[in-house]
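Step one of this worksheet: look at the structure below.
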Amino acid sequence: MTNSNRKSEFVTENGVEIETYIDGDGPAFFILPSYGRDGAEDYDIFTAQIVRAGWQVLRPQPRGIAGSKGPMTDVTLHDLGNDVALCIRTMSDGPSVLLGHAFGNAVARIVATDHPALVRGVILAASQASKVPEHVAKAPFIAGDPSTPATERLEVLRTAFFAPNHDPSIWLRGWYPKTLKMQHSAAQAVTPSEYWACGDVPLLEVFGQLDPFKPKEYWTELRDQFGDRVTTVVVDDASHALFPEQPVPVAQAVISWLMSFH
């Protein structure tokens, strides 16, 4: 499904050009997508729900996706956060709410850390725990490699990304290997301690009940660390992909939390 009503805008600074999809009107709500994937179809149903709740949804596309361009080597997570900060400064009337899905949560966190005046709240969607089994951590690089046999990719998608009664084959497409490689390198160039606390903004974490990146023993980890700053919602019948699995329940949880920002 594609969104025929969305518009697109570009911002450019210091050799970086970011294309952002924009839906609706109202206070700004930014979606930052997962490793090696775009911010389009995976989030269309969710976006429509947030727009109906009175928010403007902006989806900056990572470098190497759609019309977004910029250096793809010697990049750090701080640089990717700066890309988002540029979009907030240019396209938003004030501090914005950021939702980061999976890898996108690290980008959201570093924006809140490096540019606190631009962020009023952060949603960590399907963010991984502080410790993840190695075979789970490797999953995006198998699923996102089109040179890997489809049978192997499907098995990884079943075990690491999708709950049992959901179709993982929809994620055989929609990967951008060059962007994935760039993002992985950018993440490796920093330590989680540089961004983990996410400044001091309110946090909502939303994750699937069956997400192997967030084992049950870590479900209270952030609240134990940061107390009442954190609201936690566990979504039934969902795994790490989350948005193509349960877009409406995720939107309902997000909208309920967003009511405190109006």
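The values are calculated or read from the model by the stated rules, or taken from the named source; none is laboratory data. Given the structure is predicted, the values throughout are model-derived calculations rather than measurements. Neighbour counts are summed over all protein chains in view; Cβ atoms, including those assigned to glycine, are modelled from backbone coordinates with ideal geometry. Keep in mind that these areas ignore ligands, DNA and RNA; they rest on the heavy atoms of the full protein, side chains included. Shrake-Rupley method; radii C 1.70, N 1.55, O 1.52, S 1.80 Å.
A few comments on the model shown:
- Of all the options 224, 167, 23, the one that moves most in a Gaussian network model of the chain with Cα springs shorter than 10 angstrom is 224.
- Local electrostatic count at residue 208 - Lys and Arg +1, Asp and Glu -1, tallied over other residues with Cβ under 12 Å: -3
- Accessible area per residue for the chain, computed on protein heavy atoms with a 1.4 Å probe, is 43 Å².
- Solvent-accessible area of segment 86-205 (1.4 angstrom probe, protein heavy atoms only): carbon and sulfur portion equals 56 percent.
- Quotient of C-alpha Rg and 2.2 N^0.38 Å, computed over segment 88-153: 1.47
- In segment 130-261, inverting the average of 1/r over every pair of distinct C-alpha atoms gives 16.3 Å as the Kirkwood radius.
- The relative contact order of segment 21-140, computed from alpha carbon pairs under 8 Å that lie at least 6 residues apart in sequence, is 28 percent.
- Pairs of Cα atoms farther than 15 Å apart, segment 41-129, %: 61 percent
- Whole-Å distance, taken between Cα centres, linking segment 1-48 and segment 240-255: 17 Å
- FRET efficiency for the pair residue 188 and residue 17, taken as 1/(1 + (r/R0)^6) with r the Cβ-Cβ distance and R0 = 22 Å, rounds to 0.35.
- Estimated Rh, the chain: Kirkwood, alpha-carbon pairs, angstrom: 18.1 Å
- For residue 69, a cut-off of 17 angstrom between C-alpha atoms picks up these aspartates and glutamates, skipping any fewer than 8 places away in its own chain: 9, 13, 17, 19, 38, 79, 83.
- Accessible area of residue 30 in the full protein assembly, 1.4 Å probe (Å², nearest 10): 0 Å²
- Cut-off 15 Å between beta-carbons: net charge of the residues surrounding residue 197, Lys and Arg +1, Asp and Glu -1: -4
- Here's the list of lysines a cross-link from residue 131 could span, going by alpha-carbon distance under 30 Å and ignoring same-chain residues fewer than 8 apart: 178, 181, 214, 216.
- Percent antiparallel among DSSP beta bridges (both partners in segment 1-106, rounded to 5): 65 percent
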